[in-house]
1. Run down 69, 28, 16 and say which single residue is loosely packed, with under 15 Cβ neighbours inside 10 Å, away from the ligand (no atom under 16 Å from the Cβ) and modelled with pLDDT under 90.
2. Hey, among the residues in the stretch 72-81 that are in a helix (DSSP H, G or I) and either away from the ligand (no atom under 16 Å from the Cβ) or under 10 Å from the mean Cα position of the chain (by Cα) (or both), which one's modelled with the highest pLDDT?
3. Hey, can you tell me all the residues within the stretch 1-39 that are under 10 Å from residue 55 (Cα atoms) and touching a residue at least 60 places away in the same chain (Cβ under 8 Å)?
4. Being within 21 Å of residue 5 (Cα to Cα) and not in a strand (DSSP E or B) is true for just one of 40, 66. Which residue is that?
5. Between 42, 84, which is farther than 26 Å from residue 30 by Cα, away from the ligand (no atom under 11 Å from the Cβ), free of Cβ contacts under 8 Å to residues at least 40 places away in the same chain and out of contact with any strand residue (DSSP E or B) (no Cβ under 9 Å at 6 or more places or on another chain)?
6. Can you give me the number of residues within the stretch 46-66 that are at pLDDT 90 or above, within 16 Å of the ligand (Cβ to nearest atom) and loosely packed, with under 11 Cβ neighbours inside 10 Å?
Ligand SMILES: [Zn+2]
């Protein structure tokens, strides 16, 4: 999640005990600085409702939130790009 977006939205933020690096889809580390804070926020995506979703805070340029591959995998999300939909097939939460 973009750190400025989290601040504007007034989300609760917490420092990480130890900074972690940010990897992109191909496993490479970004040039962005390490992540030092998380935000906790209500997340509603379609019919999926997560009252306390955790987001790593960083600087994003185009979209305020990017769902990570581990989160997508945990929720067994199928992306239906043609109809701009995410289908949740897991009972994880
Ligand atoms: Zn969830």
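The values are calculated or read from the model by the stated rules, or taken from the named source; none is laboratory data. All values reported here derive from a predicted model rather than from experimental measurement. FYI the Cβ positions are ideal-geometry reconstructions off the backbone, even for glycines, and counts take in every protein chain you see.
1. It is 28.
2. Residue satisfying both the conditions and the ranking: 81.
3. 1, 2
4. So the residue among 40, 66 that is within 21 Å of residue 5 (Cα to Cα) and not in a strand (DSSP E or B) is 66.
5. One residue alone meets the criteria, 84.
6. 2
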